[in-house]
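The values are calculated or read from the model by the stated rules, or taken from the named source; none is laboratory data. For clarity, every value in this text was computed on a predicted model and none was experimentally measured. So basically every Cβ, Gly included, is an ideal-geometry build from the backbone, and we count neighbours across all protein chains shown.
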Amino acid sequence: MASFDFIIIGSGALGTFHALHAARAGKRVLILEKDNRPVGATVRNFGQVVPSGLSGRWYHYGRRSLELYREIQQEYDITVRQNGSVYIASDADEWQLANELYDQRRADDYPCELWSKAQTLAKYPVLQPDYVQGALVFPEEVSVEPALMIHRLITYVTTKFPNVTYRNNTAVIGCESTSSGATVWLANGERFQAHKVLICNGSEFRLLYPELFAQSGLVVSKLQMMQTIPLPEVALPGNILTGLTIRRYESFADCPSFANLQTPEHLAELKKWGIHILFKQAPDGSIILGDSHEYATAAQTDDLGFDINEYINQLMIQEASRIVTFPVYRIQRTWAGFYAQTPQEIFEADLENIHIITGIGGKGMTSSAGFSEEKMSFLVE
Ligand SMILES: Cc1cc2nc3c(=O)[nH]c(=O)nc-3n(C[C@H](O)[C@H](O)[C@H](O)COP(=O)(O)OP(=O)(O)OC[C@H]3O[C@@H](n4cnc5c(N)ncnc54)[C@H](O)[C@@H]3O)c2cc1C
């Protein structure tokens with residue numbers, strides 16, 4: 001039976017970054033991915049790497065992730081672009097929160113700027129003047145192309161580190177701890193062993209430990225996303241986050257004024273569907289925009305459905321039209337993404353030599369690289 005130091009199940013952002021750090025520590029690693037290539041949350045997102053939106057230790061993992069993304073990009077093109085992040089405040093309450101976060105981030109030496117309405121409109125003439133109150137800007141933040149990044153990262157890891165083996169089309173259907181490590185097996189009976197197994201299964205809860213996941217408190221969120229046709233006349237560089245994001249992200253929730261924040265009537269229906277509007281321009285000039293949030297427990301994920309709710313898309317297009325002047329309704333494709341989350345920030349379970357790590361929620365592209373570096377530093381001992 002082939003034997004390794006680590007077997008990592010799942011090659012999304014969490015699994016692959018754990019593999020990278022194990023490989024850097026000189027460990028022999030086997031990555032097993034059930035699909036032909038990863039097609040989960042890691043390829044369906046915006047690719048916004050925005051530590052500015054996170055709080056506590058996740059903010060620090062995000063900052064470390066920025067360094068790691070840049071480091072790797074210098075060696076191999078994993079699609080990292082440093083165009084910064086811009087939070088556009090649309091009313092006095094959001095502007096107050098933007099100012100408070102600005103003070104906090106400056107205090108811990110995280111580069112940021114506050115732009116007046118005139119400055120914001122000068123830099124982003126495609127914004128609707130009536131929407132803009134001002135902007136909070138984090139110039140060092142980066143974005144990646146979600147459809148490409150993980151595939152390039154896997155190529156980078158397996159090319160640079162001969163001690164890493166990657167197998168796709170390889171669903172693991174069983175795992176058990178043994179006296180010397182752990183064994184995993186596939187439907188065809190093939191088995192592998194390692195000192196440690198890491199399960200980074202994203203929102204797949206049926207194949208391994210279904211009872212444990214059903215009791216875990218994990219919840220799956222379904223997000224609707226859209227992408228316009230290429231709009232070469234539009235320049236919208238960076239990660240663009242808007243008023244509803246300021247009302248939603250953890251970093252703003254830590255600000256003193258957040259406790260008094262009220263939801264204005266015109267935002268109530270959007271909030272009901274968990275909508276906040278983000279934009280990310282792809283290299284071909286198309287604009288990715290979203291998103292919405294619907295929830296189901298780990299045992300009931302089918303209830304989220306496989307369909308796209310057109311009402312939700314129309315709500316997002318309407319709100320996006322209030323923010324920007326370009327034709328957001330010229331949509332070329334729309335899709336749903338799913339991620340697992342938990343009230344405990346991340347879900348971790350240790351079953352002797354088997355470690356489950358999932359439920360990183362909406363922060364996985366931002367913080368997985370830094371988080372898994374710290375996690376691996378304990379696991380490799
Ligand atoms: C629409 C959307 C927008 C988002 N936007 C952002 C953003 O801009 N910035 C940000 O930071 N985060 C964002 N996120 C969150 C981010 O995408 C996730 O946090 C992250 O991708 C989760 O990575 P993961 O590796 O845990 O899961 P996944 O990407 O789902 O990967 C899990 C992998 O495990 C494999 N697997 C599962 N079980 C098995 C098994 N038994 N055997 C073999 N393989 C298995 C699956 O096939 C899958 O490839 C967004 C998410 C969505 C859905």
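Observations, loosely collected:
- Leading residue by the ranking (farthest from the ligand (Cβ to nearest atom)) among those in segment 167-197 that are among the basic types (Lys, Arg) and surrounded by fewer than 19 Cβ atoms within 10 Å (Cβ to Cβ): 191
- Condition met for residue 323 (in contact with a Ser or Thr (Cβ under 6 Å, 6 or more places away or on another chain) and either more than 20 Å from residue 121 (Cβ to Cβ) or free of Cβ contacts under 8 Å to residues at least 40 places away in the same chain (or both)): no
- Looking only at residues of segment 317-341 that are within 12 Å of the ligand (Cβ to nearest atom) and polar (S, T, N, Q), we find that the one that is nearest to the chain's Cα centre (by Cα) is 341.
- Residue tally, condition polar (S, T, N, Q) and under 13 Å from residue 338 (Cα atoms), over segment 283-297: 2
- Count - residues of segment 227-244 that are crowded, with 23+ Cβ neighbours inside 10 Å and either assigned to a strand (DSSP E or B) or within 13 Å of the ligand (Cβ to nearest atom) (or both): 5
- Number of positions in segment 298-312 that are within 21 Å of the chain's Cα centre (by Cα) and under 13 Å from residue 206 (Cα atoms): 2
- Of the residues examined, residue 298 is not one that is near the ligand (Cβ under 10 Å from one of its atoms) and surrounded by 14 or more Cβ atoms within 10 Å (Cβ to Cβ).
- Test result for residue 276, of a type outside the set (Val, Ile, Thr) and not in a helix (DSSP H, G or I): yes
- You will find that of 360, 312, 287, 275, the residue that is modelled with pLDDT of 95 or more, under 29 Å from residue 52 (Cβ atoms) and away from the ligand (no atom under 13 Å from the Cβ) is 287 and no other.
- Taking segment 102-125 as the range and being within 25 Å of the chain's Cα centre (by Cα) and part of a helix (DSSP H, G or I) as the test, the residues that pass are 102, 104, 105, 106.
- Strands (runs of 3 or more DSSP E) contained in segment 1-101 and holding at least 2 residues among the small types (Gly, Ala, Ser): 2-9, 85-89
- Residue match in segment 265-272 (condition: modelled with pLDDT of 95 or more, small (Gly, Ala, Ser) and within 19 Å of residue 360 (Cα to Cα)): no
- Residue in segment 250-260 that is assigned to a strand (DSSP E or B), within 16 Å of the ligand (Cβ to nearest atom), within 20 Å of the chain's Cα centre (by Cα) and crowded, with 20+ Cβ neighbours inside 10 Å present: no
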